[in-house]
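Please read the structure below before turning to the comments.
Read-outs: derived from the displayed coordinates by stated rules, not from any lab. Because the structure is predicted, anything quoted here is derived from the model rather than measured. Cβ atoms come from the backbone with ideal geometry, glycine included; neighbour counts cover every protein chain shown.
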Amino acid sequence: MDNISIRQIYQTCLIIRLFEERVVALYPEQKMRTPVHLCLGQEAIAAGVCFHLKLKDYLFTTHRCHGHCIAKGVSLRAMMAEFYGKQTGLCSGKGGSMHLVDPERGIVATSAIVGGGIPLAVGAALSVKLKKEKRVVVVFFGDGAVDEGVFYESLNFAALKKLPILFVCENNFYATNSTQESRQPLDNIFERARIFGIPGFRCDGNDALKVTNLAGRLVAKVRQQKGPMLLECRTYRWKGHVGPDCDSEKGYRPKDEIDAWIRKCPLKKLEKYCLKKRILTIEGIEEIRLKLSKEIDEAVEWAQEGPLPLKADVTQNVTYGD
Amino acid sequence: MPWTKVAVDHATGELSMNAGPGNGRLLTYGAALREAQYQALKRDDRVFLMGEGVDDSGGIFGSTLNLHKDFKGRVFDTPIAENALTGFINGAALTGSRPILVHMRMDFMLLSFDQILNHAAKLCYMSGGRVRVPWVVRTLVGRGWGSAAQHSQSLHAFFMHMPGIKIVMPSSAYDAKGLLLASIADDNPVVFVEHRWLYDLKTDVPKDEYLIPLGKGFVRKSGKDVTVVALSLMVLESLKAADSLKKEGIDIEVIDPRTLHPFDEEIVIESVKKTGRLIIADQGWKSGGAAEIIAGRLCNKIRPYLKSDIGFVTLPDAPTPSSPALEEGFYRNARDIVSCVKETLR
Ligand SMILES: Cc1ncc(C[n+]2csc(CCOP(=O)(O)OP(=O)(O)O)c2C)c(N)n1
Ligand SMILES: [Mg+2]
């Protein structure tokens, strides 16, 4: 991978990190009245996979969607405005943080029903194939979604029709407060694809370069009409399932488990690598950080200043075109 | 299949039905559906058709027969995975296709409620109107021949509760074609409920494509004494009832709303202004069913004109039984409509 690409991936990880940290900082003001599922600690997967996507490629995600949307190029200010419930928000205040949609960037729907986005993505891939378009579809989902029947129904069909789709499971070992262990007999998500003849791979989701390399190979194969692929990325979320707090205080997860994962910070790891290989300098990093923080300042300001939707708009958009 | 035979017996009686403008070209309801899909598939590359058994030798009682040969790759069989299939049409519709999914029985749609109610119904809304979900789910309801509780249910009322879903229930071949073409052209998810016992009914069907607007009811028979709002197969039963009541000097008006959502309130209100009496005949249950929902939305508006209580011809609140003796006590037909009319007039 060339240095420009690595810098770009670093920048994507960093902007997601700073964006989520800003949400953490502002959330207690209680002006963002929408549940936020933060992806702090999981940034490398979004950055590494989306690095290979073009504007017209489709991306489907979940309730934990901020990082994926940012990595796909969605406007920060429109996202922030949506969190603030503004008319100027990505979905005019009708979706909130869990249903980010940006059709121009290939995000046509985001479902917060666990597993719900998986068949949507397969349907999009079917559409692409029937229309003989040159696009690929990537769908992100958690280890919890693998518990749902619709996951298997979707893999079966995607394999049957050899659809252009990459399934990316972000295995953070928890679904809300339930451990993977308490829900699944075997820790083998990537292998489950293989029973449908779908090649399944696993990688360290906190290693941005590993994710980027492997995802690059898989996306390329999907682009070459080689059929669906599945990638399981192992990672960990730093915050509670929902909201800006750490959940060790509530006893949901052991503090030392969280600390151990924070020591495996994907951003730090990449930063260290970049410094060692002289891809970036400390001053360079500080410069990027400042620039991105300013972008976020600007987004927050724009979002806070925007108008609220009108109460009367509540019944608008129930059917398309109204 | 035996119930095919039953259906033939029931649906080809002598009926005087005001089915719409035609040109003397008679087609069955099943053939009209097939023709609509053929024309849509032919004209519009974005349309595709899938479902369990759409390409088999029965072709969903003829309604998809051999379409897979004319439209290779765009008409295909599917795994038995109703919820995922519905997710697939959601995803395909979101990305510029206009899919049609067929369920041989409406009962099976219960497995796809998540993708219909949590997704299709609100994807447009949640996006602030930025995306659309233009699909049609064709779903058959049937009855009789001991089909029992899991192969007979007419579950259209469930969808009336949910904003964002359109519901269509054609009762003639003319409507079957025109409403299906309009449903395919619509930019929203449409649940299209077909009654198996109507499949062999013939009415005039123009050869060219035509659209019947969703939300426009139709007066099947005009009359002055009682308004009967009838859905799907109950339209036919009401027309039979009208024939027999005529002999007793009672003149009922039969209104077919054709779509439950949107619903043509105006046509019913106008009729009740004239008759002062309203009966609603549905092939679903009474409790929380289509008839109660229709009565609920109309009652304040028609109260000044009503000369008697609203009458209901609906199923008793029990699952569908199997034995013919029990089915006799379960299903409603022209006789029940006749007695309800007389009750209303008393
Ligand atoms: C069908 C359904 N069941 C339950 C929930 C409640 N819920 C929201 S997120 C979640 C856990 C999801 O875990 P996972 O898929 O691993 O994603 P993560 O939150 O870890 O990113 C649950 C159970 C839901 N949204 N949808
Ligand atoms: Mg998880």
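Can you tell me which of A:149, A:41, A:67 moves the most in a GNM of chain A? Springs connect C-alpha atoms under 10 Å apart.
Of the options given, A:149 has the highest mean-square fluctuation.
Among A:238, B:197, what is the fewest-to-most ranking by other Cβ atoms within 10 Å? Intermediate results must be reported in sequence, preceding the final value.
On the way: A:238 19, B:197 24.
Ranking A:238, B:197 by Cβ neighbours within 10 Å, fewest first, gives A:238, B:197.
Consider just the alpha-carbon atoms of the range B:218-345 and return their Rg together with their Dmax, both in angstrom.
Both quantities, over Cα of the range B:218-345: 13.9, 44 Å.
List every residue whose amide H lies under 5 Å from the amide H of residue B:54, counting only residues 5 or more places away in sequence or on a different chain, with H placed 1.01 Å from N in the peptide plane.
Counting only residues 5 or more places away or on other chains, the set is B:78.
Starting from the 7 Å offset along Cα-to-Cβ, what nm value, one decimal, do you get for the label separation of residue B:318 and residue A:132?
Taking the simple label geometry, residue B:318 and residue A:132 are separated by 5.8 nm.
With r as the distance between the Cβ atoms of residue A:252 and residue B:150 and R0 = 25 Å, compute the FRET efficiency 1/(1 + (r/R0)^6) and round to 0.05.
Between residue B:150 and residue A:252 the formula returns 0.05.
Determine, for B:317, B:45, the number of other Cβ atoms within 10 Å of each Cβ, and report the residues in order from fewest to most. Write down the numbers at each step before the final one.
On the way: B:317 10, B:45 14.
Ranking B:317, B:45 by Cβ neighbours within 10 Å, fewest first, gives B:317, B:45.
How crowded by other chains is B:40-46, given as the mean number of beta carbons from other chains within 10 Å of each beta carbon?
Values: counts 0, 0, 0, 0, 0, 3, 3.
Mean shielding by partner chains, rounded to a whole number: 1.
One quarter of the convex hull surface, Cα atoms only: what value does that give for the protein assembly as shown in nm²?
Working: hull surface 127.7 nm².
For the protein assembly as shown, averaging the hull's shadow over all directions gives 31.9 nm².
Less than 15 Å from a label point 7 Å out along the Cα-to-Cβ axis of residue B:326: which backbone N atoms in the range B:133-157 qualify, by residue?
B:144-153
If I take every Cα pair under 8 Å that is 6 or more residues apart in the range A:177-298, average their sequence separation and divide by the length, what percent do I get for the relative contact order? Intermediate values should be presented prior to the final figure.
On the way: 89 pairs, mean separation 25.4, N = 122.
Relative contact order, the range A:177-298: 21 percent.
I want the local charge near residue A:184. Using Cβ-Cβ distances under 10 Å, sum +1 for each Lys or Arg and -1 for each Asp or Glu among the other residues. Don't skip to the end; give the middle numbers.
Values: positive: A:183, A:192; negative: A:143, A:147, A:181, A:187.
Surrounding charge for residue A:184 is -2.
When the dipole is taken about the Cα centre of chain B, and only Lys, Arg (+1) and Asp, Glu (-1) are charged at their Cβ, what size is it in debye, to the nearest 20? Working shown, then result.
Working: 41 positive and 40 negative charges, 133 e Å.
About 640 debye.
Of the beta bridges DSSP finds with both residues in chain B, what % are antiparallel, to the nearest 5? Mind dumping the intermediate values first?
Working: 8 of 40 bridges.
DSSP beta bridges in chain B are roughly 20 percent antiparallel.
Only Cα pairs under 8 Å and at least 6 apart count here; give the relative contact order of the range A:3-306 as a rounded whole percent. Don't jump to the answer; show the numbers that get you there.
Working: 580 pairs, mean separation 71.5, N = 304.
It comes to 24 percent, rounded to a whole number.
Specify which residue in the list B:31, B:252, B:340 is farthest towards the positive end of the charge dipole of the protein assembly as shown, using unit charges on the beta carbon of Lys, Arg (+1) and Asp, Glu (-1), about the Cα centre.
It is B:31.
Using +1 at the Cβ of each Lys and Arg and -1 at the Cβ of each Asp and Glu in the range B:218-345, identify which of B:283, B:331, B:269 lies farthest towards the dipole's positive end.
B:269
Give me A:4, B:310, B:280 sorted ascending by neighbouring Cβ count inside 10 Å, so fewest comes first.
Going from least to most buried by this count: A:4, B:310, B:280.
Work from the charge dipole of the range A:3-306 (Cβ charges, +1 for Lys and Arg, -1 for Asp and Glu, about the Cα centre) and give the residue of A:121, A:35, A:213 farthest towards its positive end.
Comparing the listed Cα positions along the dipole, A:213 ranks first.
Which net charge results when you count Lys and Arg as +1 and Asp and Glu as -1 among the other residues whose beta-carbon is under 9 Å from that of residue A:267?
On the way: positive: A:17, A:268, A:269; negative: A:43, A:271.
Net charge in that neighbourhood comes out at +1.
Where in chain A are the DSSP H helices whose C-alpha atoms run 30 Å or more along the long axis and whose mean Kyte hydropathy is at least -1.0? Mind dumping the intermediate values first?
Details: long enough: A:3-26 (34 Å, 0.65); A:282-305 (34 Å, -0.52).
Within chain A the helices that satisfy the rule are A:3-26, A:282-305.
Hey, what do the phi angles of the range B:102-118 turn into as Karplus ³J(HN,Hα) couplings, whole Hz, using 6.51/-1.76/1.60 and θ = phi - 60°, x for Gly and Pro?
10, 10, 4, 9, 5, 3, 6, 5, 4, 6, 10, 4, 4, 6, 7, 8, 7
So, in nm, how far is label residue A:322 from label residue A:245 when the simple model puts each one 7 Å beyond its Cα toward the Cβ?
Between residue A:322 and residue A:245, the label points sit 4.0 nm apart.
Taking the Cβ of residue A:152 as the center, what net charge do the other residues with Cβ under 14 Å away carry, scoring Lys and Arg +1 and Asp and Glu -1? Show your work: numbers first, answer last.
Details: positive: A:192, A:194; negative: A:147, A:148, A:153, A:191, B:82.
Surrounding charge for residue A:152 is -3.
R0 = 60 Å: FRET efficiency of residue A:282 with residue B:118, Cβ-based, nearest 0.05? Intermediate values should be presented prior to the final figure.
Numbers: r = 48 Å, r/R0 = 0.80.
Computed FRET efficiency for residue A:282 and residue B:118 comes out at 0.80.
Roughly how many debye, to the nearest 20, is the charge dipole of the range A:3-306 about its Cα centre, given +1 on each Lys and Arg Cβ, -1 on each Asp and Glu Cβ, and no other charges? The partial results should precede the final answer.
On the way: 46 positive and 35 negative charges, 279 e Å.
About 1340 debye.
How large is the dipole of the range B:3-204 about the Cα centre if only Lys and Arg carry +1 and Asp and Glu carry -1, each at its Cβ, rounded to the nearest 20 debye?
Details: 20 positive and 19 negative charges, 82 e Å.
The calculation lands at about 400 debye.
Work out the FRET efficiency for residue B:266 and residue A:29 from their Cβ-Cβ distance, taking R0 = 56 Å, and round it to the nearest 0.05. Please list the in-between numbers first.
Numbers: r = 49 Å, r/R0 = 0.88.
Given R0 = 56 Å and the Cβ-Cβ separation, E is 0.70.
What spacing in nm lies between the two simple spin-label points modelled at residue A:176 and residue A:289, each 7 Å away from Cα in the Cβ direction?
The modelled label-to-label distance comes out at 3.7 nm.
Over chain B, what is the relative contact order in percent, taking alpha-carbon pairs closer than 8 angstrom and at least six residues apart? Intermediate results must be reported in sequence, preceding the final value.
Working: 757 pairs, mean separation 62.1, N = 346.
Relative contact order for chain B comes out at 18 percent.
Shape call for the range A:3-306 from the C-alpha gyration tensor, a ≥ b ≥ c root eigenvalues: rounded (a/c under 1.5), prolate (a/b greater than b/c) or oblate? Spell out each step's value before the answer.
Working: a/c = 1.31, a/b = 1.27, b/c = 1.03.
Note, shape of the range A:3-306 comes out rounded.
What does DSSP give for the range A:104-235 in terms of the percent of beta bridges that are antiparallel, rounded to the nearest 5?
Numbers: 2 of 19 bridges.
Among the beta bridges of the range A:104-235, antiparallel pairing accounts for roughly 10 percent.
Please figure out what share of the DSSP beta bridges in the range A:3-306 is antiparallel and state it in percent, rounded to the nearest 5.
Bridges in the range A:3-306 that DSSP calls antiparallel: roughly 15 percent.
So what is the 222 nm mean residue ellipticity for the protein assembly as shown from helices alone, if each DSSP H run of at least 4 adds -39500 (n - 2.57) and you divide by all residues, rounding to the nearest 500 deg cm²/dmol? Don't skip to the answer; put the middle values down first.
Numbers: 23 runs with 256 residues, N = 668.
Taken over the protein assembly as shown, the calculation gives -11500 deg cm²/dmol.
Compute the longest continuous run of chain B that contains no exposed GluC sites (Glu not before Pro); treat a site as exposed when its DSSP state is not H, G, I, E or B and it has at most 12 other Cβ atoms within 10 Å. List each step's numbers first, then the result.
Values: sites that count: B:14, B:248.
Longest gap between qualifying sites, sites excluded: B:15-247.
How far, in nm, would the chain grow between residue B:303 and residue B:248 when pulled straight, counting 0.36 nm per residue and subtracting the alpha carbon separation?
Values: separation 55, 0.36 × 55 = 19.80 nm, distance 2.76 nm.
Full extension from residue B:303 to residue B:248 adds 17.0 nm.
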